[in-house]
2 protein chains.
Amino acid sequence: MSETVNRQVLLKSRPVGIPQAEHFEIVERAVAEPGPGQVRVRNLLLSVEPAMRGWVNAIGNYSKPVGVGEVMRSIAAGRVEVSQSDRFAPGDLVTGMFGWQDHAVVDADLVDHKVDVSEHPLSAWLGVLGLNGLTAYFGLTDAGRPKAGETVVVSTAAGAVGSCVGQIAKIKGCRTVGIAGGPVKAALCEQEFRYDAAIDYKAAGFEAALASACPDGVDVYFDNTSGPISDAVMRHLNVGARVVICGTASIANWDPIPAGPRVERHLLVKRAQMRGILVFDYADRYAEGRAVLSAWLRNGQIRHREEILDGIEQAPGAIAGLYRGENLGRRLIRIAD
Amino acid sequence: MSETVNRQVLLKSRPVGIPQAEHFEIVERAVAEPGPGQVRVRNLLLSVEPAMRGWVNAIGNYSKPVGVGEVMRSIAAGRVEVSQSDRFAPGDLVTGMFGWQDHAVVDADLVDHKVDVSEHPLSAWLGVLGLNGLTAYFGLTDAGRPKAGETVVVSTAAGAVGSCVGQIAKIKGCRTVGIAGGPVKAALCEQEFRYDAAIDYKAAGFEAALASACPDGVDVYFDNTSGPISDAVMRHLNVGARVVICGTASIANWDPIPAGPRVERHLLVKRAQMRGILVFDYADRYAEGRAVLSAWLRNGQIRHREEILDGIEQAPGAIAGLYRGENLGRRLIRIAD
C-alpha cells in the first residue's frame with residue numbers, strides 16, 4: 001500500500017435503521033496536503049460504535065447526517081504526519097473526528113487532544129479514557145447522581161459505556177445491577193466488571209430475575225437500550241429515581257417512532273425523571289473527566305475490554321455486528337501501527 | 001338538616017379508570033366527637049379534582065387508595081366547631097384533607113393551616129392559593145425552570161393548575177402557549193389567562209396550529225394530559241427542554257398501561273428531560289409559595305376562575321364531569337355557609 005493512496009470508507013446509500021456493509025463502499029483517493037492551520041493525520045485506530053447508526057440515518061439527531069458519498073464520520077486515533085499548525089508536530093499522537101480513512105486532513109482546532117501513551121495505550125484513549133468513559137462519567141454523575149447505598153441498573157452493561165457506568169457506580173458505593181444479552185456477557189458483568197448482580201435479558205425469567213436483583217427498587221437506571229428491557233426496569237423505579245437516556249440500542253428504526261408503554265404515570269407516581277445526555281455537552285469538563293478516569297484505570301478500580309479488528313475492509317460491516325451483539329468489548333479497527 | 005347528622009360520600013365500589021356517580025353512595029351517620037388533640041370541622045367547601053381518579057384506582061399511586069366503604073378523600077375548607085387542641089379555636093377557618101362529608105373529626109396536626117379571609121375568599125385557599133396554585137408554582141419553577149424569552153406550553157391550559165402555570169410563566173417573561181379543549185376554553189386562555197397563543201386540540205389542524213404557535217420550538221412543556229397532545233408537543237422540544245409531568249387527564253385507564261410513541265429518542269437527541277412532580281413534596285415550602293401567589297393575586301398578575309356546585313349530592317358525579325371537560329374553572333362543592 002503506497003502512502004500516497006488514501007483508502008476511504010464512503011457512505012454509499014442511506015440506510016433506514018441499522019447500517020449494513022452494503023451501505024458503504026471503499027474507494028482509493030490521492031492523499032491530500034494540509035493547508036495553513038491544518039494537519040494531516042495518519043489514522044491508526046478507527047472507531048465502530050452504536051451512535052454511528054444515528055449519524056447515517058436521515059431522521060433528526062444531534063448532528064447533521066453524514067452525506068451520501070462522504071467519508072464515514074468516526075472518531076479515530078492517529079499520528080500527525082504533516083503539520084501546518086504550531087499546536088502539533090509530526091509524530092504527535094492525537095484523537096479526533098478523523099473519519100473512516102487512512103489519512104485525514106483537518107483543521108488543528110478540530111483535533112480533540114494530544115495523547116500521552118506513557119501510562120495508557122493509544123486504544124484506551126478511544127474507549128475508557130475517550131468518549132465512552134466520558135459518557136459514562138458525566139452521564140452517571142451529572143444526570144444519574146447516584147448516592148451511596150442506592151441501586152443502579154445499567155443496560156448494555158458489558159458494553160464500552162455500560163461497563164464503565166457500572167464500575168463508577170460501584171466506586172460511588174452503590175449496588176450495581178447489569179443487564180446484558182447472553183450468558184457470556186452476563187458472566188463478564190459479574191466477573192470482570194464486578195456488578196453485584198447480572199441478568200441475561202435473553203434468558204427465561206428476565207422479569208423475575210430483575211425483581212430479585214433489585215429488592216430495594218431502582219434509584220438510577222442508565223439506559224442504553226430503550227425497548228422491552230427499559231419497560232421492565234421502569235416498573236421498579238423508586239420515588240425520586242433518575243433515568244439516564246444514553247442510547248437506544250434495542251430499537252432498530254425510529255422512523256416512524258415505535259410504540260411502547262407510556263412512561264408518564266411511572267414518572268408522576270414516583271416523581272422520577274428521564275433525561276437524555278450527550279457527551280459533547282460536557283466538552284468543557286473533558287480534562288476533569290479524563291483525569292478522574294485515568295486515576296481509576298491506573299489503580300485498577302476500572303477495567304475495560306477491547307476487541308480490535310484488523311484492516312479498514314472490516315469497517316463497512318462492523319456497525320451491524322455491534323447491533324447483533326457480537327462484540328465483547330470496545331470495538332476498534334486497527335489500520336496501521 | 002339536623003347538625004347531629006353527618007352526611008358522608010363513601011366509595012361504594014372500586015372503579016377501573018374514571019370514577020362515576022355509581023361508584024359512590026351518600027350515607028347519614030351520627031356526628032362524632034373529637035378526642036384529645038383533635039378538632040371537629042364543619043366542612044363548607046369540598047374539592048373535586050382530577051387527582052381523585054388516582055386516589056380511588058387500585059393501581060400504584062403516590063398514596064394508599066381510598067378503601068371501599070371509606071369516606072372519599074378530599075381537601076376541603078371548613079370552620080372549626082369543637083376543638084380539643086390549643087392550636088385551633090371554634091370559629092377558625094381551616095383547610096385540610098377533611099373528606100367528602102359534612103363534619104370531619106381530625107387530629108389537629110393534620111389540619112393544613114388556618115386561613116385568613118380578610119384579603120382572599122375562602123374558596124381561593126382551595127384553588128389558586130391552595131394545592132392548585134402551589135402545584136403550578138413549584139412544578140413550573142422547580143422542575144420547569146423557565147427562563148425569560150423561552151416558550152412554555154401548557155396542556156389543560158384553562159384548568160385550575162394550567163391557568164396558573166401559564167400566568168406564572170408569563171410573569172417570568174416567557175412566551176406562553178395554552179392547549180385546551182374547545183373554543184370556549186381556548187378563548188378563555190387568551191382573554192382571561194393572557195396566553196400569547198391558545199390552541200383548541202379538538203379542532204382540525206391541531207398539529208399545524210401547535211407548530212405555528214411555537215415558531216422557536218418548546219423549552220418547557222407543563223403536561224397535565226399525556227396522550228396524543230403530549231405526543232405532538234414532544235416533536236417540538238428544543239435542546240435542553242424540560243417536560244413537567246403533572247397529570248395524565250387524557251388517559252382514562254392506566255391498567256394496563258396504554259401504548260404511545262416512545263419518548264427516548266426525543267429525550268436523547270434533544271438532551272431533554274421529563275420529570276414527574278407532586279405538590280406534597282414541597283410541603284416545607286408552602287408558606288413561600290402562598291406568599292408569592294397571594295401577592296400576584298392581589299396585584300392582578302394572576303387571575304383564576306371557580307365553578308361552585310351546590311350540595312353534597314353533586315359530589316358523586318362531579319369527578320367524571322371534570323374528565324368530560326364540562327367545567328370552566330376550579331370545581332368546588334359548597335355544602336354550607
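The values are calculated or read from the model by the stated rules, or taken from the named source; none is laboratory data. Predicted model, so just to flag it, every value in this text is computed and none were measured. No Cβ is skipped: glycine too gets one built from the backbone with ideal geometry, and neighbour counts run over all protein chains shown. Just the protein is used for accessible areas: all its heavy atoms, side chains included, with ligands, DNA and RNA removed. Shrake-Rupley method; radii C 1.70, N 1.55, O 1.52, S 1.80 Å.
Along Cα-to-Cβ, 7 Å out, sits the label point; list in nm, shortest first, how far the one on B:Ile308 is from those in the other copies.
Listed shortest first, these distances are 7.9 nm.
What FRET efficiency, computed as 1/(1 + (r/R0)^6) with R0 = 60 Å and r the Cβ-Cβ distance, is obtained for A:Phe206 and B:Asp337, rounded to the nearest 0.05?
0.50
When ranked by the protection proxy of mean other Cβ atoms within 10 Å per residue, highest first, what sequence do the peptides B:256-267, B:183-194, A:178-189, B:39-50 form?
Details: B:256-267: 20.2, B:183-194: 18.6, A:178-189: 22.2, B:39-50: 24.1.
Highest mean packing first, the order is B:39-50, A:178-189, B:256-267, B:183-194.
Give me the percent of the accessible area of the stretch A:131-280 that comes from carbon and sulfur atoms, probe 1.4 Å, all protein chains in place. If you can, show how the numbers build up before the last one.
Details: 2520 of 4640 Å².
Using a 1.4 Å probe with all protein chains present, the stretch A:131-280 comes out at 54 percent carbon and sulfur.
If the reach is capped at under 25 angstrom between alpha carbons, list the lysines near A:Lys147, excluding any in the same chain fewer than eight residues apart.
A:Lys170, A:Lys172, A:Lys270
Take the solvent-accessible surface of the protein heavy atoms, probe 1.4 Å, and return the percent of it on the stretch A:1-74 that carbon and sulfur atoms account for.
Details: 1710 of 3170 Å².
The computed percentage sits at 54.
Given the Cα-Cα distance of B:Arg87 and B:Asp107 and 0.36 nm per residue of separation, how much length would full extension add, in nm? Before the final figure, lay out each step's value.
On the way: separation 20, 0.36 × 20 = 7.20 nm, distance 1.08 nm.
So the chain would gain 6.1 nm between B:Arg87 and B:Asp107.
Rounded to a whole number, what is D in µm²/s for the stretch A:131-280 from Stokes-Einstein with the Kirkwood radius over alpha-carbon pairs (20 °C, 1.002 mPa s)?
Once the numbers are plugged in, D ends up at 143 µm²/s.
Averaged across the residues of A:252-262, what count of C-beta atoms belonging to other chains lies within 10 Å of each residue's C-beta?
Other-chain Cβ atoms within 10 Å of each residue's Cβ, averaged: 5.
Please compute the contact order of the stretch A:176-284 in relative form: average sequence separation of alpha-carbon pairs under 8 Å and at least six residues apart, divided by the residue count, as a percent.
Reported as a whole number, the value is 20 percent.
For a quick check, take a GNM of chain B with Cα springs below 10 Å and name the residue from B:Tyr62, B:Tyr137, B:Tyr282 with the largest mean-square fluctuation.
B:Tyr62
Would you kindly work out, in nm and rounded to one decimal, the distances from the label point of A:Glu119 to those of the same position in each other copy, ordered shortest first, with label points 7 Å along Cα-to-Cβ?
6.0
Starting at the first residue of the stretch A:5-15, write each ³J(HN,Hα) from the Karplus equation 6.51 cos²θ - 1.76 cosθ + 1.60 with θ = phi - 60°, in whole Hz, x for Gly and Pro.
Ordered by residue, 3J(HN,Hα) equals 9, 10, 7, 10, 9, 9, 6, 8, 8, 8, x Hz.
With +1 assigned to the C-beta of every Lys and Arg and -1 to the C-beta of every Asp and Glu, and no other charges, what is the dipole magnitude of chain A about the Cα centre in debye, to the nearest 20?
Roughly 980 debye, rounded to the nearest 20.
Mind pulling the angle between the C-alpha long axis of helix B:286-298 and the longest principal axis of chain B? Nearest 10 degrees, somewhere in 0 to 90.
In chain B, helix B:286-298 runs at an angle near 70 degrees to the longest axis.
Placing unit charges on C-beta atoms (Lys and Arg positive, Asp and Glu negative, everything else neutral), compute the dipole magnitude of the protein assembly as shown about its Cα centre in debye, rounded to 20.
The dipole of the protein assembly as shown has a size of about 20 debye.
With a 10 Å radius around each residue's Cβ, average the other Cβ atoms per peptide and rank A:305-311, B:247-253, A:106-112, highest first.
The densest-packed peptide leads the list: B:247-253, A:106-112, A:305-311.
Please state the relative contact order of the stretch A:215-262 as a whole percent: Cα pairs under 8 Å, 6+ residues apart?
46
Given R₀ = 25 Å, what would the calculated FRET efficiency be for B:Ala187 paired with B:Arg235, taking r from the Cβ atoms and rounding to 0.05?
0.45
Could you check how many percent of all C-alpha pairs in the stretch A:230-329 are farther apart than 22 Å?
59
How large is Rg over Rh for the protein assembly as shown, taking Rg from the Cα atoms and Rh as the Kirkwood inverse mean of 1/r across Cα pairs?
That ratio is 1.06, to two decimals.
Which ³J(HN,Hα) values in Hz, rounded to whole numbers, follow from the phi angles of the stretch B:169-184 under the Karplus curve 6.51 cos²θ - 1.76 cosθ + 1.60, where θ = phi - 60° and Gly and Pro get x?
Running phi through 6.51 cos²θ - 1.76 cosθ + 1.60 with θ = phi - 60° gives 4, 5, 4, 7, x, 8, 7, 10, 10, x, 10, 9, x, x, x, 5 Hz.
Could you state the accessible area per residue of the protein assembly as shown in Å², with a 1.4 Å probe and every protein chain left in place?
38
Please work out the Kirkwood hydrodynamic radius for chain A, using every pair of different C-alpha atoms, and report it in angstroms with one decimal place.
About 20.6 Å for chain A.
In square angstrom, rounded to the nearest 10, how much accessible surface does B:Ile168 have for a 1.4 Å probe?
It works out to around 0 Å².
In percent, what relative contact order does chain A have, based on Cα pairs under 8 Å that are 6 or more apart in sequence?
19
Shortest first, in nm, what separates the label point of A:Gly205 from those of the same position in the other copies (7 Å along Cα→Cβ)?
6.0
Would you work out the charge dipole size for the stretch A:131-280 about its Cα centre, treating the Cβ of every Lys and Arg as +1 and the Cβ of every Asp and Glu as -1, and quote it to the nearest 20 debye?
In total the dipole reaches around 360 debye.
Over chain B, with a Gaussian network built from C-alpha contacts below 10 Å, which listed residue (B:Leu126, B:Leu268, B:Leu322) shows the highest mean-square fluctuation?
Comparing B:Leu126, B:Leu268, B:Leu322 in the GNM, the peak value goes to B:Leu268.
Calculate, for B:Ile171 and A:Asp116, the FRET efficiency according to 1/(1 + (r/R0)^6) with r their C-beta to C-beta distance and R0 41 Å; round to the nearest 0.05.
Values: r = 53 Å, r/R0 = 1.29.
The formula returns an efficiency of 0.20 here.
Is it possible to state the helix-based mean residue ellipticity at 222 nm for chain A, with each DSSP H run of 4+ residues giving -39500 (n - 2.57), the sum divided by total residues, to the nearest 500 deg cm²/dmol? What is it?
-6500 deg cm²/dmol
Lys and Arg at +1, Asp and Glu at -1: add these up for the other residues within a Cβ distance under 14 Å of A:Arg324 and post the number.
Overall, the nearby charge balance is +2.
Leaving out ligands, DNA and RNA, calculate the buried accessible area for the pair A and B with a 1.4 Å probe, summed over both sides, in Å² to the nearest 100.
In total, chains A and B hide about 3300 Å² from solvent.
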